Amino acid sequence: KLSARLQQIADRLPVGCRLADIGSDHALLPVYAVQSGVALYAVAGEVNEGPYEAASRQVAEAGLNIKVHVRKGDGLAVIVKGEVDTITIAGMGGALIASILSAGADKLDGVNRLVLQPNVGEDIVRRWLLDHNWFLLEESILEEDGKIYEIITAVSEPEAAALNELLYQERKLPGGAVLTKELLLMMGPRLTQQPTNVLITKWESELDKLNKIRKSVASSNQEASREKEQQLAGLSHQLKEVL
Ligand code: SAM
């Protein structure tokens with residue numbers, strides 16, 4: 001049985017997809033996707049020896065060697081152009097996810113869906129998708145074992161630029177506060193359309209962290225710190241208003 005987080009990622013795969021799961025670790029996701037009949041075929045990519053071996057073992061035990069190919073390599077280097085139409089990258093930082101996508105840009109031809117689950121730096125992933133004209137189709141947020149995870153699904157779509165522009169348009173909230181594009185990139189343009197308790201919990205805790213950093217910076221009298229404190233104060237004020 002998959003964790004709730006991996007299950008939600010699996011639920012975002014289109015039936016009949018050809019999947020590459022990059023940074024697959026134990027290959028739980030590709031094995032499940034093929035076993036459940038959702039994926040026709042899957043590649044499990046791993047850059048590190050330990051997880052690569054764990055993935056190979058898992059696939060062999062499941063008797064899926066023909067349908068799940070475990071490959072060792074960095075990011076999208078493990079896939080051949082045109083081989084897959086869906087890519088999942090989960091359980092790493094947003095900056096790493098974005099750098100994997102950028103480094104493998106030539107492999108994205110023919111890929112029409114990305115399901116991404118950054119552990120931190122969700123804004124970096126949203127910014128990457130926006131800059132590279134991937135339409136942000138869906139976002140979800142869940143809490144498992146005391147941790148909060150966001151899952152971001154994007155599709156290639158000819159009208160992506162125009163659709164994203166609408167999605168990231170500055171929004172005025174009923175109380176008068178404004179969700180700027182920067183805030184939408186941080187908090188999620190779709191998540192903020194229907195805020196759940198988990199979303200509120202996440203940002204209340206982020207606000208707490210921010211204010212602690214602010215206080216520690218404020219006690220320094222260096223000019224650069226002062227400036228940083230001003231920025232953080234502005235952000236914390238904005239966040240408080242929109243929550
Ligand atoms: N995707 C699984 C999940 O969500 O449960 C495993 C997440 S695990 C925390 C992150 C994995 O990504 C590690 O096994 C690590 O070796 C792998 N990884 C990190 N950088 C990578 C890269 N550039 N290319 C492929 N795999 C990478």
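The values are calculated or read from the model by the stated rules, or taken from the named source; none is laboratory data. Because the structure is a prediction, the values reported are computed rather than measured. Positions of Cβ are backbone-derived with ideal geometry, glycine not excepted, and every protein chain shown enters the neighbour counts. In case anyone asks, the SASA skips ligands and DNA or RNA and just uses the protein heavy atoms, side chains included. Shrake-Rupley method; radii C 1.70, N 1.55, O 1.52, S 1.80 Å.
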Item to complete: Could you work out how far helix 49-61 tilts from the main Cα principal axis of the chain, as a 0 to 90 degree angle to the nearest 10?
Response: 50 degrees
Practice prompt. Within the chain, what's the longest run with no trypsin sites (Lys or Arg not before Pro) in a DSSP loop and at most 13 other beta-carbon atoms within 10 Å? Give the range, please.
Written response: 82-243
Fill in: Dipole of the chain, positive direction: furthest Cα of Ile200, Ile87, Trp128, with charges on the beta-carbon
Ile200
Discussion item. Please check: in the Gaussian network model of the chain (C-alpha springs, under 10 Å), which one of Asn221, Asn48, Asn133 has the largest mean-square fluctuation.
Written reply: Asn221
Worksheet item: So how exposed is Met186, as accessible area in Å² (1.4 Å probe, rounded to 10)?
Response: 40 Å²
Item to complete: Could you check how much of the accessible area of region 197-242 is carbon and sulfur, as a whole percent, using a 1.4 Å probe?
Response: 48 percent
Worksheet item: If you take the alpha carbon radius of gyration of region 1-127 and divide it by 2.2 N^0.38 Å, what ratio comes out, to two decimals?
Response: 0.95
Response to the item:
Restricted to the chain, the DSSP antiparallel beta bridge percent, nearest 5, is 45 percent
Worksheet item: Which one of Leu163, Leu235, Ala44 is farthest out on the positive end of the charge dipole of the chain, using unit charges on Cβ (Lys, Arg +1; Asp, Glu -1) and the Cα centre as origin?
Response: Leu235
Discussion item. Residues of region 133-156 with the amide nitrogen closer than 14 Å to a label point 7 Å from the Cα of Leu243, along Cα-to-Cβ, please.
Written reply: none
Worksheet item: Exactly which GluC sites (Glu not before Pro) in region 78-165 are in a DSSP loop and have at most 14 other Cβ atoms within 10 Å?
Response: Glu159
Discussion item. Cα atoms only: what Rg and Dmax, in Å, come out for region 197-242?
Written reply: 11.6, 38
Worksheet item: Between Gln231 and Ser36, what is the FRET efficiency for a Förster distance of 30 Å, r being their Cβ-Cβ separation, to the nearest 0.05?
Response: 0.05
Worksheet item: Lys209: which aspartates and glutamates have alpha carbons under 19 Å from its alpha carbon, excluding same-chain residues fewer than 8 sequence positions away?
Response: Glu122, Asp123, Glu143, Glu150, Glu182, Glu227, Glu229, Glu241
Discussion item. On a straight-distance basis, which aspartates and glutamates could pair with Lys81 in a cross-link, Cα separation under 14 angstrom, same-chain partners fewer than 8 positions away excluded?
Written reply: Asp106, Asp109
Practice prompt. In whole angstrom, note down how far apart the Cα centers of region 150-183 and region 67-121 are.
Written response: 23 Å
